[in-house]
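Worksheet: the structure to be examined is printed underneath.
Derivation of every value follows stated rules applied to the coordinates shown; laboratory data play no part. What you see is a predicted model, and the numbers here were worked out from it, not measured in a lab. Cβ: placed from backbone, ideal geometry, glycine included. Neighbour counts: every protein chain shown.
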Amino acid sequence: MKRHMLDTNTVSYLLKGHPVVARHVMAAPIIALCISAITEGELLFGVAKRPQAKRLGIVVKEFLRRADVLSWDSAIAECYGTVKAEMERIGKVLAPLDLLIAARVGCGGDTGD
């Protein structure tokens, strides 16, 4: 089965109820959806920055309770190094956390079919 890893922006839009994002995410079987541990950390950072936003904290924690969170291990770290070097070689730049997530998707093995 093909898996779809949602990045932090996609999850944020989903949790805010963005209609286009929600429609696309809802079109995939729930078992096919996942996030990386990097995205989990970014979501929790967002909650920690806004402790007064009680609803946000509840929504994020509920989402994380249901989300399949994929780890980031040494094999992915090795892939990250290769991907980052290749991106630099061809002159493409990604934000550091986006590159960490991309390495998880590109080299994770369990996000494909």
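Going through the range 11-51 one residue at a time, which ones are buried (at least 17 other Cβ atoms within 10 Å of the Cβ) and within 15 Å of residue 105 (Cα to Cα)?
Listed by number, the residues that qualify are 33, 34, 35, 36, 38, 39, 40.
Out of (1) free of Cβ contacts under 8 Å to residues at least 40 places away in the same chain; (2) among the aliphatic types (A, V, I, L, M); (3) surrounded by 17 or more Cβ atoms within 10 Å (Cβ to Cβ); (4) closer than 17 Å to residue 6 by Cβ, the odd one out for residue 69 is which?
So the condition that residue 69 fails would be (3).
Against the definition (surrounded by 11 or more Cβ atoms within 10 Å (Cβ to Cβ) and in contact (Cβ under 8 Å) with a residue 24 or more places away in the chain), how does residue 62 come out, yes or no?
Numbers: surrounded by 11 or more Cβ atoms within 10 Å (Cβ to Cβ): yes; in contact (Cβ under 8 Å) with a residue 24 or more places away in the chain: no.
Criteria not met by residue 62.
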